[in-house]
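The values are calculated or read from the model by the stated rules, or taken from the named source; none is laboratory data. As the structure is a computational prediction, the values presented were derived from the model and not from experiment. A quick note on method: Cβ atoms are made from the backbone with ideal geometry, for glycine too, and the neighbour counts reach across all protein chains shown.
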Amino acid sequence: MLEALTAEMWAFYAEHGYVRLGKLLSDAELAGLQTRIDDIMLGKANIAYDKLLMQREADGMSGQTEQTTGSKGHTLNYRKIQNLELDPLFLAYMTRPLFRSICAGVYGEQTPIACFRAMFMNKPAFHGSVLPYHQDRWTHLDRDPLATVWTALDPATVANGCVTIIPGTHKRLLNPDHPSGFLTERQAELLLAEHAPLPLELAPGEAVLLHNWTIHGSDGNRTAQSRRAFSVCYMDAATTPSNDEPISPIFSDTRVPNSPT
Ligand SMILES: O=C(O)CCC(=O)C(=O)O
């Protein structure tokens, strides 16, 4: 299993704004995270539900409920569950040495790191929630988080709404002064006329590192197979939100214990 990115992987990431990390979860680890997230959705986990941001898909084919703290019912029909750093199993995965060393490469070795979002992103079976193309940025933060690791907990395919990216688009912000990273319809049209989107199909347990500015989106799920995934955005812990949003420090520095550097 990968322990650190190779020089070739870093070069690929710098050029294309993403790099595949391969399979990072053993079958047993994968089964553990799958069971844990299902237990969280079904109200069976020993976790502070009042601290989890939970958003459920609407009962029809598309649309979502508001994203607020607390359970929205015992169902597998959740779209998003945030603050999973509160769960020991998800925390253990997202703080692995590989991710520490990725943060060192992105932010520098002395930089304390926080997670901006440790979240479950789900496309329940036959649910049509579409996420239009966007860059991941939030203007209530005084600097942009730069790196996200997206891990498939189910097969992620074109048919069940895998993430689709436009490689190489991480080199500039499309709407630097706009509060949302979402592209206008015209921008999306122009971009797609010139660039082929790349669906990131992944096997369960495989992960990809994404630059936050790489334009990406995802389609609805047209299949009986759910598309569960765990996505963690790593940011400089000195990032200051302009609202009262607390930040969650996870690495006091990014030096990997026992690493020769
Ligand atoms: O998991 C997905 O479908 C995409 C997630 C995404 O675009 C995001 O979190 O910004």
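Give me a count of the residues in segment 186-198 that are away from the ligand (no atom under 14 Å from the Cβ) and assigned to a loop (DSSP other than H, G, I, E, B).
Result for segment 186-198: 2.
How about segment 199-226: which of its residues are in contact with a Pro (Cβ under 6 Å, 6 or more places away or on another chain), more than 17 Å from residue 153 (Cβ to Cβ) and either part of a loop (DSSP other than H, G, I, E, B) or away from the ligand (no atom under 14 Å from the Cβ) (or both)?
Hit for segment 199-226 is 212, nothing else.
Can you confirm whether residue 207 is in contact with a strand residue (DSSP E or B) (Cβ under 9 Å, 6 or more places away or on another chain), surrounded by 21 or more Cβ atoms within 10 Å (Cβ to Cβ) and more than 17 Å from residue 131 (Cβ to Cβ)?
yes
Among what's in segment 229-261 and is in contact with a helix residue (DSSP H, G or I) (Cβ under 6 Å, 6 or more places away or on another chain) and part of a strand (DSSP E or B), pick the residue that is surrounded by the fewest Cβ atoms within 10 Å (Cβ to Cβ).
This residue is 248.
Please go through segment 216-228 and give me each residue that is basic (Lys, Arg) and crowded, with 22+ Cβ neighbours inside 10 Å, ordered by number.
227, 228
Within segment 75-109, restricting attention to residues that are part of a helix (DSSP H, G or I) and among the small types (Gly, Ala, Ser), which residue is farthest from residue 210 (Cα to Cα)?
So the residue we want is 92.
Specify the residue that is nearest to residue 65 (Cα to Cα); the eligible residues are those in segment 131-144 that are within 12 Å of the ligand (Cβ to nearest atom) and out of contact with any Ser or Thr (no Cβ under 7 Å at 6 or more places or on another chain).
132
Can you find a residue in segment 152-159 that is more than 19 Å from residue 207 (Cβ to Cβ) and modelled with pLDDT under 95?
No: segment 152-159 contains no residue that is more than 19 Å from residue 207 (Cβ to Cβ) and modelled with pLDDT under 95.
Does segment 169-177 contain any residue that is more than 16 Å from the ligand (Cβ to nearest atom), in contact (Cβ under 8 Å) with a residue 24 or more places away in the chain, within 15 Å of residue 144 (Cβ to Cβ) and surrounded by 15 or more Cβ atoms within 10 Å (Cβ to Cβ)?
No, segment 169-177 contains no residue that is more than 16 Å from the ligand (Cβ to nearest atom), in contact (Cβ under 8 Å) with a residue 24 or more places away in the chain, within 15 Å of residue 144 (Cβ to Cβ) and surrounded by 15 or more Cβ atoms within 10 Å (Cβ to Cβ).
Among the candidates 152, 104, 147, 118, single out the residue that is away from the ligand (no atom under 16 Å from the Cβ), surrounded by 20 or more Cβ atoms within 10 Å (Cβ to Cβ), in contact (Cβ under 8 Å) with a residue 60 or more places away in the chain and among the hydrophobic types (A, V, I, L, M, F, W, C).
104
Inspect all residues belonging to segment 82-97 and state whether any of them is surrounded by fewer than 18 Cβ atoms within 10 Å (Cβ to Cβ) and touching a Ser or Thr at 6+ places or on another chain (Cβ under 6 Å).
Checked against the condition, which is being surrounded by fewer than 18 Cβ atoms within 10 Å (Cβ to Cβ) and touching a Ser or Thr at 6+ places or on another chain (Cβ under 6 Å), segment 82-97 yields no hits at all.
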